[in-house]
Each structure stands twice: as C-alpha cells, then as structure tokens.
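Report on one structure; see the data block that follows.
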Amino acid sequence: MALHARDTISGQEGRAYATIGNEQHEMFYIKSLEATVEKAKVEVKTLGRRGTQHKSNGWNGTGTMTVYYVTSRFRELMNEYVRDGKDTYFDIQVVNEDPNSSIGKQTVTLTGVNLDSVIIAKLDTEADFLEEEVAFTFEGFHIQESFIKPSTV
C-alpha cells in the first residue's frame, strides 16, 4: 500500500481552541503549535546482565506555539500570576482536518496547560509582522478522534 500525496495533512488545515476558565477562545492567531510527550526513565542494573536496562517511570508534557503578536490574553494571564500569584491552567484543543485527505480528522486536547514564558512587550523595525514563541507545559491529554487508514484508491 502506498500513501497518496493527497492524504498528507496540510499544516494550514487545522483549528485550535483554548478553554480558559469558562471561556472558549478560537486561537486563530497560531502560526504553529507542537506538543511533545517524553517518557521519564530510570536505569536498572540486574545480576547476570552487563548492560544497563531502562524502565519507564513517568512522563513530561511540553510544548511551544508560535503566535502572531495580535492577542494580549497570554500577557494578561502572566500578569495575574506576577501581580496576584494566581497561576492559570487551561486546555487547548487541536483539530487536524484536511478536506482533501481520506484519513479524516484528529482531535487532541491538551489538559492542564501552563505557560512558561511570555513576551510582555515587543518592537522590531525589521519585521514585516510581529510574532512570539510561547513555551508551555501540560499535565494530560485526550485523543477524541484519530486518523483512519488512508484510502487505497
């Protein structure tokens, strides 16, 4: 079975939504978003084996998003933390759905998202447009919808 080019997912064919408290925000300003789960492992040495083995004992969720500099929401959240000590955890739902592909759509929700750093103010006379990279961690994720196998025709 070969993968048809039409079944690859266009990076522009997607949506993202942030649920912050009781409010849902469409994140139309995202240029890119990537969330990664990395397993934590410990080294285990056993009798009768010279090599070191590894055992998974947890995981860590981290991510980055590059956004166009058109929203103050992340700065407001960081300001609440700096001013009042109130840290905000929220969810981000990411939908990949390319209508040209036969593999359907994938919907993943990152839970317990917490911002690591935010640019508070920015100017750049050389830039055609302003953007910022926002680093974050997350505490869980749910896969609500998964891609299906590509069509063979």
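Values in this text are rule-based calculations from the coordinates and carry no lab data. Predicted model only: the values in this text are computed from it and were never measured. A quick note on method: Cβ atoms are made from the backbone with ideal geometry, for glycine too, and the neighbour counts reach across all protein chains shown.
Structural remarks
- Estimated distance in nm for a label pair at Gln24 and Asp87, the labels positioned 7 Å out from Cα along Cα-to-Cβ: 2.8
- Quotient of the Cα radius of gyration of the range 1-79 and 2.2 N^0.38 Å, N being its number of residues: 1.78.
- Direction-averaged projected area, Cα convex hull, the range 71-153: 8.3 nm², rounded to one decimal.
- Value of Rg to Rh for the range 36-91 (Rh from inverse mean 1/r over Cα pairs, i.e. Kirkwood): 1.31
- Dividing the convex hull volume of the alpha-carbon atoms in the chain by its residue count gives 207 Å³ per residue.
- Stretch gain in nm, segment Val44-Asn100, where the contour uses 0.36 nm per residue and the Cα spacing is subtracted: 15.4 nm
- Counting only DSSP H runs of at least 4 residues, each contributing -39500 (n - 2.57), and dividing by the residue count of the chain, the helix-based mean residue ellipticity at 222 nm comes to -2500 deg cm²/dmol.
- For peptides 45-55, 7-17, sequence by mean Cβ density within 10 Å, most packed first: 7-17, 45-55
- The number of Lys pairs in the chain with C-alpha atoms less than 30 Å apart, excluding pairs fewer than 8 positions apart on the same chain, is 13.
- Relative contact order %, the chain, counting alpha carbon pairs below 8 Å whose residues are six or more apart: 26
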